[in-house]
Amino acid sequence: MVVVFVLVALLVLACVVAANWYLWRRLFRDTTRGPGPVRRAGAVLIAGGWLLAIAAFAGTRAGIPFWLKRALAWPGYLWLALSLYLLLAVLATEPLRPVLHRLLGRSAARDAGPGRTERTDAAREPASVSEPAFEAGAGSGTGPAAEAGSGSGPAGTESGQAPAHDVRAKSGGCAVAEAQAVSEGAVSEEAVSGEAVPAGEEPARPQALTRRLFVSRVMAGAAAAAAVGTVGHGTYGVLRGPRVKRVTVPLAKLPRAAHGFRIAVVSDIHLGPVLGRGFAQKVVDTINATQPDLIAVVGDLVDGSVKDLGPAAAPLAGLRARHGAYFVTGNHEYFSGAEQWVEEVRRLGLLPLENARTELPGFDLAGVNDIRGEHEGQGPDFERALGDRDPARACVLLAHQPVQIHEAVRYGVDLQLSGHTHGGQLWPGTFLAAAANPTVAGLERYGDTQLYVTQGAGAWGPPTRVGAPSDITVVELASKQA
């Protein structure tokens, strides 16, 4: 088992290294003429970003000062989101590269005019003079061709001028090499059409962009702009606060008197080094504005200790609902000191449901601990929460993870309210979330039990959401007897 874990870890590491080398190549190596400060800066940026990301994750569970956790979290987490969308954007440009090359080639051929076109077409046909003849070229007047043109005899004249057919041969050779160079994008047309370099002088480096360099810079710029725009928009969506969704859920056992009962469901607030007190206040204000009958906080409230995040969670004391606010643990509470947080939310006025149940007008409200609690002997206990209830009454269950639905079905629960998935948070993470959870977001039915999964109010890791906007859901219970 250990060997398999090590092999998987090495494979993942190799994939990450290869992906980042590919990013560096496309964004920095291919967009520069040669080694220099830009390439070095690119390597430092990519390597430094990953070091910050690793430090940010390690810092959340280390005993370092909270201000340092915050300083590491912002750049480190944002780099993770940015590197993901840089990779996706660069990959998306690959099919466009040959298309842009062809368009530029055709444009260059049109601009060259008929004479240039004829010369290029002729260059594509087999030539009687090889490329070395062009390399030795008449520009410097040296090389085998020049020697053959000097002196007397049939090969030349006393004045050293080459016969007409030699001049044409050399011109044809230049045309072949020049046309090939331009068509392949190795040099620009301006570079190959310049004057000969005087003997004894170093050739000047071409200043015109090659077609290949131009295409690489356009594609890199487009990819970077798309990635930065995507991450910026997704981060703004999180920081502005969750939006309200509304869904009506009919329950067969719900009495007519409880018809229209509204439950504000919020999950995955993830208060921590990035989302703090101000964000918690936005969540509280948004919930209170819906004027719910009951508030259900279904786990992953925090990413840190009560000592560090107690002040950030303080606004939760302002939650207002006619039948109160209830809380169940999520997996992240067990990374942060679940027992301490249960006591803290109780002090703030929320009512923890630790494998417990309470009777409300018209239905039972139950809650179970998160599966992660099994590692601390505090796992979910459905028998304790639901075993002795009246099956004739409707039952609503608060459980952080959607996978707990299977036990809920066994115990005849009418509706389970969950979070945990974040809706995938960062596309294409939706596909990973779908592979690990029976429902990623929204309302689905499992036999006689319905499951509603909220996408969550906050974010874990990068404070960014793409394709899965944050929400607080107002679930309105409907009686079929009404």
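The values are calculated or read from the model by the stated rules, or taken from the named source; none is laboratory data. Only a predicted model underlies this, so the values are computations on that prediction, with no experimental measurement involved. All Cβ positions, even for glycine, are placed from backbone atoms using ideal geometry, and neighbour counts span all protein chains on display.
Could you check how many residues of the stretch 220-256 are part of a helix (DSSP H, G or I) and more than 21 Å from ALA296 (Cα to Cα)? Talk me through it step by step, then tell me what you get.
Filtering the stretch 220-256 for residues part of a helix (DSSP H, G or I) gives 220-239, 256.
Restricting the remaining residues to those that are more than 21 Å from ALA296 (Cα to Cα) gives 220-237, 239, 256.
The total comes to 20.
The number of residues in the stretch 373-390 being part of a loop (DSSP other than H, G, I, E, B) and either closer than 25 Å to PHE335 by Cα or at pLDDT 95 or above (or both) comes to 5.
For the stretch 404-426, indicate whether the set of residues that are small (Gly, Ala, Ser), over 17 Å from the mean Cα position of the chain (by Cα) and closer than 24 Å to PRO273 by Cβ is non-empty. Even if it seems obvious, please write down each step before you answer.
Initially, the stretch 404-426 is screened for residues small (Gly, Ala, Ser), giving 408, 412, 418-419, 423-424.
Going one step further and asking which of them are over 17 Å from the mean Cα position of the chain (by Cα), we end up with 408, 412, 418-419.
Checking the rest, the ones that are also closer than 24 Å to PRO273 by Cβ come to 419.
Yes: the stretch 404-426 contains one or more residues that are small (Gly, Ala, Ser), over 17 Å from the mean Cα position of the chain (by Cα) and closer than 24 Å to PRO273 by Cβ.
With respect to (1) charged (D, E, K, R); (2) touching a helix residue (DSSP H, G or I) at 6+ places or on another chain (Cβ under 6 Å); (3) more than 30 Å from TRP50 (Cβ to Cβ), the lone exception for ARG393 is condition (2).
Any residue that is surrounded by fewer than 19 Cβ atoms within 10 Å (Cβ to Cβ), among the basic types (Lys, Arg) and part of a loop (DSSP other than H, G, I, E, B) - is there at least one of those in the stretch 304-314?
no
Residue pairs whose Cβ atoms lie under 6 Å apart, separated by 6 or more positions or on different chains, with the first residue in the stretch 409-434 and farther than 13 Å from GLY456 by Cβ and the second among the hydroxyl-bearing types (Ser, Thr, Tyr), are VAL409/TYR446; VAL409/THR449; VAL413/THR449. Looking only at residues in the stretch 391-434 that are among the hydroxyl-bearing types (Ser, Thr, Tyr) and not in a strand (DSSP E or B), the one that is surrounded by the most Cβ atoms within 10 Å (Cβ to Cβ) is THR421. Taking the stretch 327-371 as the range and being under 36 Å from the mean Cα position of the chain (by Cα) and assigned to a loop (DSSP other than H, G, I, E, B) as the test, the residues that pass are THR329, GLY330, ASN331, HIS332, GLY337, LEU348, LEU350, LEU353, GLU354, VAL368, ASN369, ASP370. In the set ARG61, ARG40, only one residue is farther than 25 Å from THR230 by Cβ and touching a residue at least 60 places away in the same chain (Cβ under 8 Å); that residue is ARG61. Whether a residue is basic (Lys, Arg) and in a loop (DSSP other than H, G, I, E, B) was assessed, and ARG39 does not pass this test. Of all the listed residues (ARG70, ARG110), the sole one being under 27 Å from PHE214 (Cα atoms) and in a helix (DSSP H, G or I) is ARG110.
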